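Here, each number is a calculation from the coordinates, and none is a lab measurement. Quantities reported herein were computed from a predicted structural model and do not represent experimental measurements. In this analysis, Cβ positions are derived from the backbone assuming ideal geometry, glycine residues included, and neighbour counts consider all displayed protein chains.
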Amino acid sequence: MIATVEDEIYNKLKTNVGFDRSEDHLNFIRQFGIPHHIFGSYTGIKTSDYATIPVTPKQHEEAEKDKSGFAIKNLYRLIEILILRIKYLEEELK
């Protein structure tokens, strides 16, 4: 099978995202929807909790059908949620 450009980008990102755990971050995500690890898992272990975006049940189904396409199309949402989280944490420090 020939990999698409989306598959290649997805695989490069997935292999470098790590396996960090943060229940606090997942709880933050839950304020906006169901947490979805956009890079999935390796042998049953989810990739980093910081690479999680909030989704609806319908979006989750879409993500399962086209993992790499969904991840690449939603990278902007990951960046948005990380920036929102940073701002939230900075506010807590004041």
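Points to keep in mind about this one:
- Calculated Cα extents along the principal axes in Å (choose from [x] 43, 25, 25; [y] 52, 28, 24; [z] 35, 28, 18), label: [y]
- Between the stretch 53-90 and the stretch 10-50, the alpha-carbon center distance in angstrom: 10
- Relative contact order of the chain, pairs being alpha-carbon contacts under 8 Å that are 6 or more residues apart, as %: 29
- Modelled this way, with points 7 Å down the Cα-to-C-beta line, the labels at Glu8 and Ser22 are 3.1 nm from one another.
- Low-density loop cleavage sites - chymotrypsin sites (Phe, Trp or Tyr not before Pro) in the stretch 17-94, where at most 15 other Cβ are within 10 Å (DSSP): Phe19, Phe32
- Eligible lysines near Lys58 by straight Cα distance, threshold 26 Å, same-chain separation 8 or greater: Lys14, Lys46, Lys67, Lys73
- Backbone N under 14 Å from the Phe32 label point (7 Å along Cα→Cβ), restricted to the stretch 71-92: 74-89
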